[in-house]
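All remarks here apply to the structure that follows.
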Amino acid sequence: MANDMTLAVPDLVQCPVCFKDFRSSTINGHLDVCLLESVTDNIPSPVDESGPPLKKLRIGAEPVVPEPPSSKAVSSSSVMVEPPSSAVFSLFQTNKSKVSIQNEQNCSFTSKQSAANAVNKGVKRSLLNEAEPGPGCREKSQTSEFTRQILKTPQGLSPRTLLTMDKPLAEMLRPNTLEEYFGQSKVVGQQTLLRSLLGSQDMPSLIFWGPPGCGKTTLAHIIASTSKKNGTARFVTMSATSASTSDVREVIKQAQNELRLCKRRTILFIDEIHRFNKSQQDTFLPHVECGTVTLIGATTENPSFQVNAALLSRCRVLVLEKLSVEALGSILGRAVATLGIRVLGQGSSIPKDQDQTDGHEPNIYIEQKALDTIAYLCDGDARAGLNGLQLAVQAQVNLTQANLLAQDGSPQEILVKEEHVKEGLQRSHILYDKAGEEHYNCISALHKSMRGSHENASLYWLGRMLEGGEDPLYVARRLIRFASEDVGMADPSALPQAVSAFQACHFIGMPECEVILAQCVVYLARAPKSVEIYTAYNNVKACLRNHKGPLPPVPLHLRNAPTRLMKQLGYAKGYKYNPAFSKPVEQEYLPKELQGIDFFTWSTSDP
């Protein structure tokens, strides 16, 4: 009977702060709220910032509180009171006499280290709201103010303040919800896997693969915001461009402690994961396998080549596409609305009876045609588009900085036009990596376009490669190969044309040699095509590989006989010297086993 009653009692855990009982499944969420309330209720009133700062404590030293300017002015609210949240350490420490001093030191170390790591560590686009103090720590007023300034939403700031901040506009306007995330409906649509998993606690390990500026880091930022809102996981971000293996091991160690003590998982986001070498990527394998960390990696390179096969098998790859012009238009529209910039349609002028500022800042307008130009010129890169918008607006604002008011005393009016945008962007941003997948994609498209005799497509892919920075000699070498592989005997002059193009490119270089390559590409695209040489030689290789037993010897009459012994052995005996005959000579040139074979029509199924 006693056993039955014991089984009926739910699994309750006592809160170390308020000493109330909670279920084990809800204790973590209660602790976050309870600790926050206890710290808020006991934070002392801010001291005079003009006074000298507190000195750092030595290990084992007693904390010293500086006396206020007037001892009579000290109220009960300004007394340093230890928050009751320090009791949470009593669960894990045996020496309770040192809890107060250790909590003070841990708080100072954690808050300073978190802020320092966020600014100086080199972590790309770090999420500073993850820099939380340990349990039982009091937030320093300076650190809290710094964090609040960084996390302040840009919607409450004026357009001029946003445009003059040091951070790029693409970073300041990064979306926090899927409703503000545009252009990747195949990945985060209503019926997609990722959207359904965002609301649950079972986020798998993911690899985001896509071109720059398509929203990989932003999507990870949204996952972080959702995880923190639900309290289901702890989110840590790192960049493979600056992090080392020791940094990764330290994060994994913290994740193990978090999972063991607080039953909370850790989501580790690695930006530019392809920058890690094979041995560094192997560090994640056992911890991703056992679920200590949930890995989310972002890469612009093909993960089939840049990510370990063992790690890739434990992750799900989500392919993010280049943003469309419509998606970029929505992103730019959201940006100008946040900045308070008015959009002028085709042929419209600046309204004279409307004032959208407080009289101290200029009225900023932008033409719709200028926004459309940005959307087309940034080549699917939202970061390039937003930063190009910021550059164009900043340039026009700086021109009127000396005189913010017009002659009549009204605010200055600034109009951003299409030519201002083009001047900042100069030309279309071309996505091309000479050592990456786009290199092979473009050369394959060029080869297939010439094979299909499509001269316009051939010129286009040639331009994509050359304008993207490709080595012209590499393209010329591929054209020489094409001249024999696809044109062959249909136009024997194609090969000399390609060789001459290579030599000319070697002589004069870029950019003058671009027209030489264009001439050769058009010549090869228009030339008749024949692959009989290519096919015949492939049949020869297949015949040699598939031959059973030792290869047949060279017939004796085809062998050279420079010595008497070789002549006595029958070398060159019976050979008919073709120029000595006026008529075609009947003579076998293949081994006896291959006589009668035609490699131009032969196939591997033939005997």
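Just wondering, is there one or more residues in the range 532-548 that are of a type in the set (Phe, Trp, Tyr), surrounded by 12 or more Cβ atoms within 10 Å (Cβ to Cβ) and in a helix (DSSP H, G or I)?
Checked the range 532-548: at least one residue is of a type in the set (Phe, Trp, Tyr), surrounded by 12 or more Cβ atoms within 10 Å (Cβ to Cβ) and in a helix (DSSP H, G or I).
Can you pull out every residue in the range 549-588 that is open to solvent by 60 Å² or more (accessible area, probe 1.4 Å), outside any helix (DSSP H, G or I) and either among the hydrophobic types (A, V, I, L, M, F, W, C) or closer than 30 Å to residue 604 by Cα (or both)?
Residues satisfying the conditions are 550, 551, 553, 554, 559, 569, 581, 586, 588.
Determine which member of the set 196, 225 is of a type in the set (Ser, Thr, Tyr), open to solvent by 30 Å² or more (accessible area, probe 1.4 Å) and in contact (Cβ under 8 Å) with a residue 24 or more places away in the chain. Break it down stepwise before answering.
Details: 196 fails: in contact (Cβ under 8 Å) with a residue 24 or more places away in the chain.
It is 225.
Hey, could you check the range 422-452 for residues that are part of a loop (DSSP other than H, G, I, E, B), open to solvent by 60 Å² or more (accessible area, probe 1.4 Å) and farther than 18 Å from residue 321 by Cβ and say which is modelled with the lowest pLDDT?
Applying the filter and picking the extreme gives 427.
For residues that are in a helix (DSSP H, G or I) and surrounded by 14 or more Cβ atoms within 10 Å (Cβ to Cβ), tally how many sit in the range 509-518. Break it down into steps so the answer makes sense when it comes.
First, the residues of the range 509-518 that are in a helix (DSSP H, G or I): 514-518.
If we keep only those that are surrounded by 14 or more Cβ atoms within 10 Å (Cβ to Cβ) as well, we get 514, 516-518.
Residues meeting the conditions: 4.
Exactly one of these conditions fails for residue 184: (1) more than 24 Å from residue 306 (Cβ to Cβ); (2) modelled with pLDDT of 85 or more; (3) crowded, with 21+ Cβ neighbours inside 10 Å. Give me its number.
Result: residue 184 fails condition (1) only.
Among all residue pairs at least 6 apart or on different chains, which show Cβ distances below 8 Å where the first residue, located in the range 376-405, is farther than 30 Å from residue 320 by Cβ and at pLDDT below 85 and the second is of a type in the set (Lys, Arg) and open to solvent by 20 Å² or more (accessible area, probe 1.4 Å)?
Within 8 Å, the pairs are 397/160.
Considering each residue of the range 251-271, count those that are surrounded by 13 or more Cβ atoms within 10 Å (Cβ to Cβ) and either of a type outside the set (Val, Ile, Thr) or out of contact with any strand residue (DSSP E or B) (no Cβ under 8 Å at 6 or more places or on another chain) (or both), and give that number.
Adding up the residues that qualify gives 11.
What are the pairs, 6+ residues apart or on separate chains, where a residue within the range 472-490 that is closer than 11 Å to residue 447 by Cα has its Cβ under 8 Å from a residue that is open to solvent by 40 Å² or more (accessible area, probe 1.4 Å) and not in a helix (DSSP H, G or I)?
If the second residue must be open to solvent by 40 Å² or more (accessible area, probe 1.4 Å) and not in a helix (DSSP H, G or I), the pairs left are 485/531; 486/529; 486/531.
Looking at the range 501-538 only, could you name the residues that are more than 22 Å from residue 448 (Cα to Cα) and of a type outside the set (Phe, Trp, Tyr)?
503, 504, 505, 506, 508, 509, 510, 511, 512, 513
Report, ordered by the first and then the second residue, all pairs with beta carbons closer than 9 Å, sequence separation of six or more or different chains, a first member in the range 304-331 that is touching a residue at least 60 places away in the same chain (Cβ under 8 Å) and open to solvent by less than 70 Å² (accessible area, probe 1.4 Å), and a second member that is among the aliphatic types (A, V, I, L, M) and part of a loop (DSSP other than H, G, I, E, B).
Between residues of the range 304-331 that are touching a residue at least 60 places away in the same chain (Cβ under 8 Å) and open to solvent by less than 70 Å² (accessible area, probe 1.4 Å) and residues that are among the aliphatic types (A, V, I, L, M) and part of a loop (DSSP other than H, G, I, E, B), the close pairs are 315/307; 317/307; 331/173; 331/323.
Of everything in the range 168-187, what is under 16 Å from residue 321 (Cα atoms), part of a loop (DSSP other than H, G, I, E, B) and among the β-branched types (Val, Ile, Thr)? Give them in sequence order.
Listed by number, the list is empty, since nothing qualifies.
Are any of the residues in the range 235-250 farther than 18 Å from residue 218 by Cα, aliphatic (A, V, I, L, M) and either touching a strand residue (DSSP E or B) at 6+ places or on another chain (Cβ under 9 Å) or open to solvent by 30 Å² or more (accessible area, probe 1.4 Å) (or both)?
yes
Give the number of residues within the range 206-218 that are open to solvent by 20 Å² or more (accessible area, probe 1.4 Å) and assigned to a loop (DSSP other than H, G, I, E, B).
Summing the residues that are open to solvent by 20 Å² or more (accessible area, probe 1.4 Å) and assigned to a loop (DSSP other than H, G, I, E, B) in the range 206-218 gives 2.
Tell me which of these residue 203 doesn't satisfy, since it passes every other one: (1) assigned to a loop (DSSP other than H, G, I, E, B); (2) within 18 Å of residue 273 (Cβ to Cβ); (3) in contact with a Gly (Cβ under 9 Å, 6 or more places away or on another chain).
Result: residue 203 passes all but (3).
Under 27 Å from residue 597 (Cα atoms) and buried (at least 16 other Cβ atoms within 10 Å of the Cβ): does that describe residue 480?
No.
Name every residue in the range 461-508 that is small (Gly, Ala, Ser) and part of a helix (DSSP H, G or I), in order of residue number.
Selection gives 463, 476, 483, 484, 488, 490, 494, 498, 500, 501, 504.
The values are calculated or read from the model by the stated rules, or taken from the named source; none is laboratory data. Only a predicted model underlies this, so the values are computations on that prediction, with no experimental measurement involved. Reconstructed Cβ throughout: ideal geometry from the backbone, glycine too, with neighbour counts over all protein chains shown. Protein only, heavy atoms only, side chains kept; ligands, DNA and RNA dropped before computing areas. Shrake-Rupley method; radii C 1.70, N 1.55, O 1.52, S 1.80 Å.
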